[in-house]
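A short worksheet on the structure shown next.
No value in this document is a laboratory result; all are computed from the given coordinates. What you are looking at is a predicted structure, and each value in this text was computed from that prediction instead of being measured. Cβ atoms come from the backbone with ideal geometry, glycine included; neighbour counts cover every protein chain shown.
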Amino acid sequence: MEVKKVDHIGIAVKSLDEALPFYTDTLGLSCVGIETVESEQVRVAFLKVGDVKLELLEPLSEHSPIASFIEKRGEGIHHVALGVDHIEQRIEELKNNGIRMIHEQPKRGAGGAHIAFMHPKSARGVLYELCEKVGGQ
């Protein structure tokens, strides 16, 4: 599987309104957009750091996977997203190499990307996301 780049790092936060000033005012990062991803029950803020983005992930309900993560582990790094092409092929390659996938088919994620997560028990304890940008962005 060829990984093109680290696309983004997902960071779980309780509140975007409370977290954003640290990233924008203290660290001097630019917020390049905020969107809601209903399927994942999150509101996402995108911050540009060179060629990589930070995605701040705020749960929209107590049933959100991000809410569960924060409840168990607190705020912090949630996942690392790896930019790939041909995500369906990459998923099959990983499965053929014994990697358990959370999503066996790509789904729509933030920014319109096609995404699929590897189970952290198959990835040395790290939650990795495969991310294929629509139009190769």
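Taking θ = phi - 60°, what integer Hz values does the Karplus form 6.51 cos²θ - 1.76 cosθ + 1.60 yield along segment 119-130, in sequence order, with x for Gly and Pro?
Working through the residues one at a time gives 6, x, 5, 9, 10, 6, x, 10, 8, 9, 10, 7 Hz.
For segment 31-48, take each phi angle, set θ = phi - 60°, evaluate the Karplus expression 6.51 cos²θ - 1.76 cosθ + 1.60, and give the result in whole Hz per residue in order, putting x for glycine and proline.
Values per residue, Gly and Pro as x: 7, 9, x, 9, 9, 9, 10, 4, 4, 9, 6, 9, 10, 10, 10, 9, 10, 8 Hz.
Return the Cα extents of segment 93-137 along principal axes one, two and three, sorted largest first, each rounded to a whole Å.
29, 19, 14
May I ask you to list the trypsin sites (Lys or Arg not before Pro) in segment 11-74 that are in a DSSP loop and have at most 10 other Cβ atoms within 10 Å of their Cβ?
Within segment 11-74, no trypsin sites (Lys or Arg not before Pro) qualify (loop, at most 10 other Cβ atoms within 10 Å).
Between PHE22, PHE69, PHE46, which gets the highest mean-square fluctuation from a Gaussian network model of the chain, Cα cutoff 10 Å?
In this elastic network of the chain, the residue with the biggest mean-square fluctuation among PHE22, PHE69, PHE46 is PHE22.
Hey, what do the phi angles of segment 109-114 turn into as Karplus ³J(HN,Hα) couplings, whole Hz, using 6.51/-1.76/1.60 and θ = phi - 60°, x for Gly and Pro?
After applying 6.51 cos²θ - 1.76 cosθ + 1.60, I find x, 4, x, x, 6, 8 Hz.
Nearest 5 is fine: what % of DSSP beta bridges in the chain come out antiparallel, could you say?
Looking only at bridges with both residues in the chain, the antiparallel portion is about 75 percent.
Kindly give Rg over Rh for the chain, based on alpha-carbon atoms, with the Kirkwood expression for the hydrodynamic radius.
0.96
Quick one: which residues, 5+ away or cross-chain, put their amide H under 5 Å from the amide H of ALA123? H built at 1.01 Å from N.
Close amide H contacts, sequence-distant or interchain: none at all.
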